[in-house]
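The block underneath contains the structure these notes are about, expressed in structure tokens.
The values are calculated or read from the model by the stated rules, or taken from the named source; none is laboratory data. It should be emphasised that the depicted structure is a prediction, and the values quoted were computed from it without experimental measurement. All Cβ positions, glycine included, derive from the backbone under ideal geometry; neighbour counts span all protein chains shown.
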Amino acid sequence: MSADDLIAKLNESFQNEPYPGDSNIVDNNKPDYDLESLQIRDTFKVHTWQTLSDELMQYEQGGYIFLSKKGLKYYLPAYLRLAVRDYIGADSIPDGLVFSLTLPTEVDAVLSAAAATRYQLTTDISATSQNEYYQDLLRDTNNRVHRFIDRYGQFNQAQSQAILHFLEYMRDEHGEDFFNNEPAVAIERYWFQFA
């Protein structure tokens, strides 16, 4: 997929995502509790995800980490678009995005068990049932995995597919910059299911 096609896919997949509201951009809205979260909230709340400037995202390179679930669902496409449109200028954003989109390593044992179980399943089980089974297995792991599923399981099929295409693009176009093949690992651990 070309950069232009991927950007169009991101725009289309997230175009109708509702704004989370000023008080739902970040989780920590308490004064003096988390000043970085408050700064991100105050900076982002005057922008739609479509109007966040490159300079602002470069200044808040890790801003997506502080976003609430609703804030992440709304503002993530801005970061994804920047990483595709200006990979070099995005600095550490592409690397950070790939890392945050990777299911934690604790899930490797669960995935091995799921593959063995899936191999024994009959083919008459629907893809939806297999997906539900897979999601249930993942929910039974530790807190880091729970947090990942909680944050990234909220994306609809089209949005998840756009994220998969982003990771494929990073793998195919910039794979040499990822020494441990991190985009492919992110795909193999979670995002493959949205192909």
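Take the conditions free of Cβ contacts under 8 Å to residues at least 60 places away in the same chain, under 27 Å from Phe179 (Cβ atoms) and either in the same structural domain as Lys9 (by TED's automatic domain parsing) or of a type in the set (Ser, Thr, Tyr) (or both) and apply them to Asp86. Does it pass? So Asp86 fits the description; yes.
Conditions tested, residue by residue: (1) at pLDDT below 95; (2) under 21 Å from Asp150 (Cβ atoms).
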position	(1), (2)
Ile7	no, no
Tyr19	no, yes
Asn28	yes, yes
Met57	yes, no
Leu72	no, yes
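For region 30-42, what are the residues that are surrounded by 14 or more Cβ atoms within 10 Å (Cβ to Cβ) and at pLDDT 90 or above? Selection gives Ile40, Arg41. Among the residues of region 42-60, just one is closer than 10 Å to Tyr75 by Cβ and among the hydroxyl-bearing types (Ser, Thr, Tyr), namely Thr48. Restricting attention to region 161-187, the residues that are farther than 18 Å from Tyr87 by Cα, surrounded by fewer than 18 Cβ atoms within 10 Å (Cβ to Cβ) and at pLDDT 95 or above add up to 1.
Considering the conditions (1) within 19 Å of Leu101 (Cα to Cα); (2) surrounded by 15 or more Cβ atoms within 10 Å (Cβ to Cβ); (3) of a type outside the set (S, T, N, Q), Gly62 is excluded by exactly one of them, (2). Of the residues making up region 155-195, those that are farther than 20 Å from Leu72 by Cα and among the polar types (S, T, N, Q) are Asn180, Asn181, Gln193.
The set of residues in region 35-54 being of a type in the set (D, E, K, R) and assigned to a helix (DSSP H, G or I) consists of Glu36, Arg41, Asp42, Asp54. Can you name every residue in region 1-47 that is touching a helix residue (DSSP H, G or I) at 6+ places or on another chain (Cβ under 9 Å), farther than 18 Å from Phe66 by Cβ and not acidic (Asp, Glu)? Within region 1-47, Met1, Ser2, Ala3, Leu6, Ile7, Lys9, Leu10, Asn11, Ser13, Phe14, Gln15, Pro18 meet the criteria. If you filter region 3-62 down to residues that are more than 19 Å from the chain's Cα centre (by Cα) and aromatic (Phe, Trp, Tyr), you find that the one that is nearest to Asp86 (Cα to Cα) is Tyr59. Considering each residue of region 24-31 in turn, at least one proves to be in a loop (DSSP other than H, G, I, E, B) and of a type in the set (A, V, I, L, M).
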